[in-house]
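Peer 1: What follows is a structure written as structure tokens; I'll ask about it next.
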Amino acid sequence: MSLDNRIAVCPGSYDPVTNGHLDVISRASAMFDRVIVAVVNLPSRKGSTLFTAAERVSFVANATAHLGNVAVEPFSVLTVQFARERGAKAIVRGLRAISDFEYELELNQLNRGQAPDIESVYLMASPKYSFIRSSGVKELATFGGRIDGLVPDEVARALQERISSRRN
């Protein structure tokens, strides 16, 4: 990666964005000149989302507004294609557990086959966030569990509202 092109993409569904995601994004922003948080419109692995792409982009943008080198965009193409179109030379992903590693290893091999010039960079989850998954946060919220400290306040409010409206 040349010093004049230190752009990274942090792809994900961010449904919803968690404090673990934000930790990885923040740490990536310290490593790269520019970080583009790429919010997938419709994740193939997870099917439908609780929040629209526009809502998820807004949540991430609001939570990262203090990071001057972070931009947030939706995308609907291969991650490596999105990265190439933005001039990125790295894809940054977080790892929490061995199960994440197995999935990411396979994904990395597929990405390298498509774009060998784009590197995958993995950041280990900070210990205080290593247990947080978006699906776990949604499950806690669904059954009335406390989600403060797991997601930004704006996301916690929206999640509670969305779940309440689905019950009615």
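Peer 1: Semi-axes, largest first, in whole Å: what does sqrt of 5 times each Cα gyration tensor eigenvalue give for the chain?
Peer 2: Details: eigenvalues 145, 53, 48 Å².
In descending order the semi-axes read 27, 16, 16 Å.
Peer 1: Rank these for me by crowding, HIS21, HIS66, going from fewest to most other beta carbons within 10 Å. Can you show the working numbers first?
Peer 2: Working: HIS21 26, HIS66 9.
Going from least to most buried by this count: HIS66, HIS21.
Peer 1: A further question on this structure: Dipole of region 7-130, Cα-centred, from +1 at each Lys and Arg C-beta and -1 at each Asp and Glu C-beta, to the nearest 20 debye? Intermediate results must be reported in sequence, preceding the final value.
Peer 2: Numbers: 12 positive and 12 negative charges, 19 e Å.
Computed about the Cα centre, the dipole is about 100 debye.
We did not get these values from a lab; they are worked out from the coordinates using the rules stated. Remember, predicted model here, so these are calculated numbers, not experimental data. So basically every Cβ, Gly included, is an ideal-geometry build from the backbone, and we count neighbours across all protein chains shown.
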